[in-house]
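Everything on this sheet refers to the single structure shown next.
The values are calculated or read from the model by the stated rules, or taken from the named source; none is laboratory data. As the structure is a computational prediction, the values presented were derived from the model and not from experiment. Note that each Cβ is placed from the backbone with ideal geometry, even for glycine, and that neighbours are counted across all protein chains shown.
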Amino acid sequence: MTKEEVQGATEEEQQAQSKKGLKKQQKEAEKAAKKAEKQAKLAAEQQSTEEDDFAKDRYGVSAMVQSQQKLDRVLVRVQDLTPENADQLIWLRARVHTSRAKGKQCFLVLRQQQFNVQALVAVGDRASKQMVKFAANITKESIVDVEALVRKVEQKIESCSQQDVELHIERIFVISQAEPRLPLQLEDAVRPDGEGEEEGRATVNQDTKLDNRVIDLRTTTSQAIFRLQSGVCQLFRDTLTKKGFVEIQTPKIISAASEGGANVFTVSYFKTSAYLAQSPQLYKQMCICADFDKVFCVGPVFRAEDSNTHRHLTEFVGLDIEMAFSYHYHEVIDSITDTMVQIFKGLRDNFQTEIQTVNKQYPSEPFKFLEPTLRLEYTEALAMLHEAGVEMGDEDDLSTPNEKLLGRLVKEKYDTDFYVLDKYPLAVRPFYTMPDPNNPKYSNSYDMFMRGEEILSGAQRVHDAQMLTDRAIHHQIDLEKIKAYIDSFRYGAPPHGGGGIGLERVCMLYLGLHNVRQTSMFPRDPKRLTP
Amino acid sequence: MALRELSSLEKYLGLKKPNKYSTQADKKIPVLQNNNGPPLVGLVTIACHLVKEAKRPNLLGDSAESRAVVHQWLEYRVTKLDGCTKEDIKTILKDLNLYLQDKVYMAGNQFTLADPFMYYGIHPLIVDLAIQDKEQYVNVTRWFDHIQHYPGIRHHLPPVVVPRNRLYTSKHH
């Protein structure tokens, strides 16, 4: 290129540059103008919102309740809201289950444990636009204080527990705000598994639920399960107390493994080590030798079994019974089965709401039992199994699949989900089990089953120190380790027997659930130590 | 295994003189040395021959269609059933269950060679089935129980217990 051409080119470039530059400047100017416009608009809006918000002091986030004042205010329970309270102005505190804005209204569902009620904030003379917006933005699970008018509704609100009323909110304050991102959604946690698959909606798997137990326990299903569990404990205590039993507390830090050395947790005990009790067995018996006659205890049981099954926990609550009897250990069986039947009746009569709530998510057949309780002998059970094609020896223990099959056969033949199996073979029972007086192959021991799964193992105990020593030697148990136990029978011991049940397993089987972790509040298993 | 089957078949057919069989290759394919002609090789071939010898050709089917069906199941037994893997068992039982929904015997309403053939072949699978599965494949169980009680069939195999009553009635065990 020649010089002129270059110059021309540069001039062109310059022109082009300045054209570009002009364009750029123009663009920036436009941008700035737009931004200024927007800001001005916002400012104007804000001003207008502040100006127009006549409901400013009827909503907001409250200061943290640090017990600053004693308010003389009565908070009504959601479960008590009925058409009888229509047109009353009430206060209540509940969680925001859902909040949904729709134009000039915001619909909320307020929840308290198993009960919920629909509430609404509408733009009007009591609520401003800003208040409705605030209500719509309250995060799920936040706890709110609400003052509202109770209104009767013509059409039943199917999705809530309180179907005949609706709350018209006058004031709403957030007492405790929940973080916006919940680790799991409560609707998903309550959805039945089948429904989730069919409709393609989410369900929450068990591990997630257990990791975020605090939120999972808020669901209607969990609330129902643990209220029923509380009922089981209550009925157990009440029934036994009425029968003259005394509640005892036994030590959980012990010097020798009670059921055998394999599945026991060791703890360091100052300069030596000790064990966590696998059962209150030894102490229950010592109480009988101490003349308490009939005792029961409710307490934790620790089994270091590395079993990852649907029905094993490393720590669970044991409900244990022990009693002295007059002449035959069947007196003990009758007492225990009667207690169980009273528990089943109590649950059936007083906890139907809870049972139905659980069935919504986990459908199952109602629990059936006979009065008096069905009692089969081990040999009879073997015959039933043989007839169904199962091969088993006379002195074999029942495997889990065979137990379940036997449960099915019994259900089919006798129509009961609860029965006792009596006279187990001696070889498969612990050393302190009393052998059968007529047939040395068998023992005075029994198991009880619910829905085909074992819930109780019990027996008449050996109450003679010499026989106990012989049996221990036969089972190759170190006599030194159980010296204190054997000694307790040297100074007069009445004939006695008993058994123990697992609270979580009984609840699981009564409700027809399939995993014991669902009935344990903060379950412990080989893979789980928290929460 | 195949040899025992053939001798049971002979007993059922009422053949007076039991034949002498030998086997071929590791799969133990049965071979029948005939006086007149080349040896007969293969379970299906020998079985058909025995049926003809016993002058019971109706066991192979009355019409052309039923003959085809019978042969189909004889083939099925030797190709699909013998030596099937664990994963196949579920599919086989499901298919059979569907097929036997509206049929008394394998070939429809008549007892044919296909029935004992399939019975011998499927016996090891049924023996190991849990009661719950037996209830699930209810048509297979019904047919199996029928054939195992058919006079003259069950010679060398142990009977499989089939409970009369439904144990697993509800969906949720």
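For the reader, a short list of remarks on this structure follows.
- Residues of the range A:363-410 that are away from chain B (no Cβ under 14 Å), more than 30 Å from A:A224 (Cα to Cα) and among the aliphatic types (A, V, I, L, M): A:L376, A:A381, A:L382, A:L398.
- Residues located in the range B:126-161, provided they are among the aliphatic types (A, V, I, L, M), crowded, with 18+ Cβ neighbours inside 10 Å and either away from chain A (no Cβ under 13 Å) or in a loop (DSSP other than H, G, I, E, B) (or both): B:L129, B:V140, B:I147, B:I153
- Residue selected from the range B:4-30 under the condition of a type in the set (A, V, I, L, M, F, W, C) and under 21 Å from B:K55 (Cα atoms), by the criterion surrounded by the fewest Cβ atoms within 10 Å (Cβ to Cβ): B:L15
- Among the residues making up the range A:433-487, those that are basic (K, R) and buried (at least 16 other Cβ atoms within 10 Å of the Cβ) are A:R451, A:R461, A:R471.
- Candidate set: the range A:123-151, residues that are modelled with pLDDT of 90 or more and of a type in the set (G, A, S); chosen: the one farthest from A:I90 (Cα to Cα): A:A136
Residue-by-condition table, conditions (1) among the charged types (D, E, K, R); (2) surrounded by fewer than 17 Cβ atoms within 10 Å (Cβ to Cβ); (3) closer than 18 Å to A:S230 by Cβ:
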position	(1), (2), (3)
A:Q281	no, no, no
A:E322	yes, no, no
A:I336	no, no, no
A:R348	yes, yes, yes
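- Just one of the listed residues (B:V104, B:V51) is touching a residue at least 40 places away in the same chain (Cβ under 8 Å), surrounded by fewer than 17 Cβ atoms within 10 Å (Cβ to Cβ) and under 17 Å from B:I153 (Cβ atoms), and it is B:V104.
- Pick from the range A:353-362, criterion among the polar types (S, T, N, Q) and away from chain B (no Cβ under 12 Å), ranking: farthest from A:D338 (Cα to Cα): A:Q361
- Restricting the range A:411-423 to residues that are assigned to a strand (DSSP E or B) and not charged (D, E, K, R), the residue that is farthest from the other protein chains (Cβ to nearest Cβ): A:V420
- Here the condition is being of a type in the set (S, T, N, Q) and closer than 22 Å to A:M323 by Cα; of A:Q206, A:Q223, A:Q229, A:Q249, it holds for A:Q249 alone.
- Within the range A:301-312, the set of residues being closer than 30 Å to A:S326 by Cα and surrounded by fewer than 16 Cβ atoms within 10 Å (Cβ to Cβ) is empty.
- For B:N109: the one exception among (1) more than 14 Å from chain A (Cβ to nearest Cβ); (2) crowded, with 16+ Cβ neighbours inside 10 Å: (2)
- Exactly one residue among B:L40, B:L32, B:L13 is touching a Lys or Arg at 6+ places or on another chain (Cβ under 7 Å) and at pLDDT 75 or above, and that residue is B:L13.
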